[in-house]
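Student: First the structure, which I've put down as structure tokens, then a few questions once you've had a look.
Derivation of every value follows stated rules applied to the coordinates shown; laboratory data play no part. Because the structure is predicted, anything quoted here is derived from the model rather than measured. Note that we place each Cβ from the backbone using ideal geometry, even for glycine, and neighbour counts take in every protein chain shown.
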Amino acid sequence: MGKSCLVVLINGKRIMFDCGMHMGYLNHCRYPDFSLISKSGDFDNALSCIVITHFHMDHIGALPYFIEVCGYDGPVYMTYPTKALAPLMLKDYRQVDKDLQICAYHVGHVLGAAMIYAKVGDVAIAYTRDYNMTPDRHLGAAQNDRLWLDLVIIESTYAITVRDSKYARKRELLKAVHKCVASGGKGAHSYICSWKSSGTLHTVGSLLGAHGF
């Protein structure tokens, strides 16, 4: 997990999906090896565009480096919520040029996260990383139109992980909070990841309110 960056060639168009960094490194290893895209460093001609799926650092963290240090000056696209969190230009859906079409679909991961549908001529692909098929209290489940695709690229980090249901996780969370409050204690909620923090705080607040706290 880290520095998500995938370049796909579709009917002559080269699209970079995500431009992330690896949080476990402090040197050049934290960034993707951009020399694989262009040995000469002419990234504007090597890429048709960059499409960012969401604002997590492992998906967007290397973008400033790629633009400011490597010199990429081509188009970068992302959804409106992602744009608000990472101030770069993008529209939710647009015709990039006469051949390349891009559409973003909600994936239920974090605010602004998207599955990207890209079509060039008669070839279409779908690219997504993190997604969630179970709606929660602040985001709905992933959804998209019926699509005819030639290729699907999808996240598989937790593909073989079996997790408890969200109801079981909420029950355990509520029991812990109830035990703490009932014994006169105070709870502290700390997350380094704001996207997880907001959802968890919303869940805790709703559960406490529903049970008279």
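Student: Using modelled amide H (1.01 Å from N, peptide plane; none on Pro or chain starts), what sits under 5 Å from the amide H of residue 10, excluding residues fewer than 5 places away?
Tutor: When sequence neighbours closer than 5 places are left aside, the close amide H contacts are 15.
Student: Follow-up. List every residue whose amide H lies under 5 Å from the amide H of residue 77, counting only residues 5 or more places away in sequence or on a different chain, with H placed 1.01 Å from N in the peptide plane.
Tutor: 50, 51, 52
Student: Starting from the Cα of residue 170, draw a straight line to each of the aspartates and glutamates and keep only those under 12 Å, dropping any in the same chain fewer than 8 residues away.
Tutor: By straight Cα distance, residue 170 reaches 136.
Student: What is the fewest-to-most order of 130, 44, 18 by other Cβ atoms lying within 10 Å of their Cβ?
Tutor: 44, 130, 18
Student: Tell me the Rg and the Dmax, in Å, that the Cα atoms of the range 6-153 produce.
Tutor: 15.1, 48
Student: Work out how much length residue 27 to residue 6 would gain on full extension: take 0.36 nm times their residue separation and subtract the Cα-Cα distance, in nm to one decimal.
Tutor: Extra length from residue 27 to residue 6 when fully extended: 5.5 nm.
Student: Can you sort 23, 78 by how many other beta carbons sit within 10 Å, fewest first?
Tutor: Lowest to highest Cβ neighbour count: 23, 78.
Student: Check each of the trypsin sites (Lys or Arg not before Pro) in the range 1-54 and keep only those in coil by DSSP with at most 12 other C-beta atoms within 10 angstrom; list them in order. If you can, show how the numbers build up before the last one.
Tutor: Values: sites: 3, 13, 14, 30, 39; in loops: 3, 39.
Qualifying residues, ordered by number: 39.
Student: Could you tell me which chymotrypsin sites (Phe, Trp or Tyr not before Pro) in the range 1-54 are loop residues by DSSP with no more than 13 other beta carbons within 10 angstrom of their beta carbon?
Tutor: 25
Student: Once you have the alpha carbon radius of gyration of the range 1-44, what is it after dividing by 2.2 N^0.38 Å, with N set to its residue count?
Tutor: In units of the globular-protein estimate, the range 1-44 measures up at 1.26.
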